[in-house]
Amino acid sequence: MTRPHTHPFIPYTPPRLPIEEGLARGRAFHDLLDGRRSVRWFSPDPVPREAIELAVQTANTAPSGAHQQPWRFVAIQDPELKRRIREAAEEEERRFYHERELPDWHAALARLETDATKEFLEVAPWLVVAFAQKQQDGKKTYYTNESAGIACGFLIAALHSMGLATLTHTPNPMTFLTDLLGRDGERPYILFPVGYPADDCEVPDLHRKPLAEALTFADGLA
C-alpha cells in the first residue's frame, strides 16, 4: 500500500519469525533478565569503555515521544569526581534516613537493609547518570519521563546481557548531579553504578510478582 507523506518515510520489513522460534527467543530473553538483580556490592575490576558505549547505544534504540530522545547519559570514571558524587549523595541520604519523617517509605525499604552509606559510588568502576531533557534547543519535549524511563530500562538490560551489574540509585533531591556534571537545563533521572558484582556480593532474598498478578486478560470485561 502506498501512502502519501509530507516527511521522509522508509520501508520497515523485519523478518517474521516462525512462531516457535519467536517464542523460544522470548523464553531465552526472559530467562536472561530473570537472573538480573540490583547490586550494592561491586568489584573494583575495570570495565571497558566500549561496554558503556554499547549500553548507551542500546538505550538509544528505545522509543520516545515524538522521537525526541529526551535523554543524556553522562559516564564518570574519574575517582575524584566519583568521591564528590558519593559525598553529595550521602548528604542527601542522611537527611532521608535520619531527618525526614517518612515512616511508610522507611518501612518499605527495611527488608533491603539500605542506609545512608553509599560506598558503591566509589567502588564501582563507572557511574552513569541519566539526565532527562525537558527542553531541546529551547523547545519543550513530550513524554519526557516516560521516554527516559524506557531508555534506562534498555540500558539495564544491555548491561546485564554483558555480565555487568547496576543499581537504580535515586537520592532525593539529585540536583547536586546537575551542578557537579555541568548539565544545566537537564534533570538528573537515575544514577547507575556499573561494574561486576563483588565476589562476596549478596542480594536480598526477594521474589518477583507471579504472572497471575502481573497480567490480566480483559476478554469479556464490560
Yes or no: region 134-148 includes at least one residue that is within 19 Å of TRP41 (Cα to Cα), of a type in the set (S, T, N, Q), out of contact with any helix residue (DSSP H, G or I) (no Cβ under 6 Å at 6 or more places or on another chain) and touching a residue at least 24 places away in the same chain (Cβ under 8 Å). no
Contact list, first residue from region 31-46 and farther than 25 Å from GLU122 by Cα, second anywhere and among the small types (Gly, Ala, Ser), beta-carbon distance below 7 Å, six or more apart or interchain, is LEU32/SER161; LEU33/ALA157
When every residue in region 157-184 that is part of a helix (DSSP H, G or I) and touching a Ser or Thr at 6+ places or on another chain (Cβ under 6 Å) is compared, the one nearest to PRO44 (Cα to Cα) is LEU159
Contact list, first residue from region 70-96 and touching a residue at least 12 places away in the same chain (Cβ under 8 Å) and under 30 Å from LYS140 (Cβ atoms), second anywhere and of a type in the set (Ser, Thr, Tyr) and part of a helix (DSSP H, G or I), beta-carbon distance below 9 Å, six or more apart or interchain, is PRO70/THR144; PRO70/SER147; TRP71/THR144; TRP71/SER147
Of all helices (runs of 4 or more DSSP H) fully inside region 76-125, the set with 1 or more residues that are at pLDDT 95 or above and aromatic (Phe, Trp, Tyr) is 120-123
ask   = Based on what the data block shows, is ARG187 basic (Lys, Arg) and in a loop (DSSP other than H, G, I, E, B)?
value = no
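Okay, residues lined up against (1) exposed (fewer than 14 other Cβ atoms within 10 Å of the Cβ); (2) closer than 30 Å to CYS201 by Cβ:
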residue	(1), (2)
ARG16	yes, no
GLY22	yes, no
GLY26	yes, yes
LEU33	yes, yes
SER38	no, yes
GLU53	yes, yes
ALA59	no, yes
ALA62	no, yes
The lone condition ALA148 fails out of (1) at pLDDT 95 or above; (2) assigned to a loop (DSSP other than H, G, I, E, B) is (2)
Being touching a helix residue (DSSP H, G or I) at 6+ places or on another chain (Cβ under 9 Å), of a type outside the set (A, V, I, L, M, F, W, C) and crowded, with 20+ Cβ neighbours inside 10 Å narrows THR117, THR166 down to just THR166
Restricting region 1-46 to residues that are part of a loop (DSSP other than H, G, I, E, B) and in contact with a Phe, Trp or Tyr (Cβ under 6 Å, 6 or more places away or on another chain), the one farthest from LEU167 (Cα to Cα) turns out to be ASP45
Pairs returned, first residue in region 167-184 that is more than 15 Å from LEU121 (Cβ to Cβ), second residue that is among the polar types (S, T, N, Q) and modelled with pLDDT of 95 or more, beta-carbon separation under 8 angstrom, 6 or more apart or interchain, are ASP184/THR178
Sole miss for TYR189 among (1) out of contact with any strand residue (DSSP E or B) (no Cβ under 6 Å at 6 or more places or on another chain); (2) surrounded by 17 or more Cβ atoms within 10 Å (Cβ to Cβ); (3) hydroxyl-bearing (Ser, Thr, Tyr) is condition (1)
Filter region 135-145 for residues that are loosely packed, with under 15 Cβ neighbours inside 10 Å and in a loop (DSSP other than H, G, I, E, B); the one that is nearest to the chain's Cα centre (by Cα) is TYR142
Exercise. Determine, yes or no, whether LEU112 is over 18 Å from the mean Cα position of the chain (by Cα), closer than 30 Å to ALA28 by Cβ and in contact (Cβ under 8 Å) with a residue 12 or more places away in the chain.
Key: yes
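So that you can scan it fast, the table gives a plain yes or no per residue for (1) more than 23 Å from ALA148 (Cβ to Cβ); (2) over 19 Å from the mean Cα position of the chain (by Cα):
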{"position": "SER64", "(1), (2)": "no, no"}
{"position": "ALA75", "(1), (2)": "no, no"}
{"position": "GLU90", "(1), (2)": "yes, yes"}
{"position": "PHE96", "(1), (2)": "no, yes"}
{"position": "GLU99", "(1), (2)": "yes, yes"}
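The values are calculated or read from the model by the stated rules, or taken from the named source; none is laboratory data. Predicted model only: the values in this text are computed from it and were never measured. Cβ: placed from backbone, ideal geometry, glycine included. Neighbour counts: every protein chain shown.
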